[in-house]
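Read the figures in this text as sums done on the coordinates, not as results from a lab. For clarity, every value in this text was computed on a predicted model and none was experimentally measured. Positions of Cβ are backbone-derived with ideal geometry, glycine not excepted, and every protein chain shown enters the neighbour counts.
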Amino acid sequence: MSGDERVLKAPEAEVPLGRALVAEALGTFLLTLASVGAIQLARLGLIPELAAAVITPGLVVTGMIYALGDVSGAHINPVVTLAFALRGDFAWRRVVPYLAVQFGAAVLAGGVARAVAPLPHATERISSSGAFLLDASATAVLLVVILATAHRNAKIRPTVGMAVGLTVVLDHFMTNTVSGVSMNPARVFGPALVDGAVPDAWPHLGGPLLGSVAGVALTWLMRGPLNHSEAEAAVGTGGRG
């Protein structure tokens, strides 16, 4: 077997799909519930709103990467799953099950949050098209970091969670004052469906999809094709954290 074939082959063993789906459901549920719940607390005046919108998602993403990275890859975001699949890191046969549990868990989290208090709505200070492009741009940045850390997973594994979590914090910090950027269509779709506001959420459902494609394209231009480390990180074998 040539050196290139050794680099490009898939991981020898995948975590059983059932276990990976439980991990994805748990991670997406916690991310959605914590993100929405933090804003609910902020609207009640219990915590600062900027901290709720910016720090909470980053902390949850960081924690979930370290907790679930070796089980499912800790995607907890449909565009991360799609990006790994487009890169060739992740089997397409696993994409639909991953997306199903991610969106399903987000809907469940939205229902739990709605049972406690009215769901918050993002304050948009730019046009819908501007919000779409801003979410796409933030998602592209996030995906470049996720794919880059996966590509170098064997070397930087202990710091991967911090790198991705801090990127989430930075993206929210730079955009929160003008738009409810999500970088995660499941996290938006779940609460929006529960609240009957899906049509209004289209910029933050479509924007991350465009950003995912852009992130994959930029990664290809900078790093070329996948390597074995990236493929392992995507499926959970060896983990991302």
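Assorted remarks:
- What the phi angles of the stretch 213-229 give under the Karplus curve with 6.51, -1.76 and 1.60, with θ = phi - 60°, is a coupling list of 5, 5, x, 5, 5, 5, 5, 4, 5, 8, 10, x, x, 5, 10, 5, 4 Hz, glycine and proline written as x.
- Net length available on complete extension from VAL112 to LYS155 is 11.5 nm, with 0.36 nm assigned per residue and the Cα-Cα distance removed.
- Working from Cα pairs under 8 Å separated by at least six residues, relative contact order for the chain is 35 percent.
- Under Stokes-Einstein, with the Kirkwood radius over Cα pairs as Rh, the value for the stretch 64-104 at 20 °C and 1.002 mPa s is 209 µm²/s.
- Farthest toward positive dipole pole in the stretch 14-235 [+1 Lys/Arg, -1 Asp/Glu at C-beta], among PHE173, ALA67, LEU31: ALA67
- A straight chain from MET222 to LEU59 at 0.36 nm per residue would run longer than the Cα-Cα distance by 55.9 nm.
- Between VAL96 and LEU170, residue separation times 0.36 nm minus the direct Cα-Cα distance comes to 23.7 nm.
- Helix content alone sets the calculated 222 nm mean residue ellipticity of the chain: runs of n ≥ 4 DSSP H residues at -39500 (n - 2.57) each, divided across all residues, give -24000 deg cm²/dmol.
- Viscosity 1.002 mPa s, temperature 20 °C, Stokes-Einstein D of the chain from Kirkwood C-alpha radius, µm²/s: 121
- For the stretch 68-178, the spread of Cα coordinates along the three principal axes comes to 42, 29, 26 Å, biggest extent given first.
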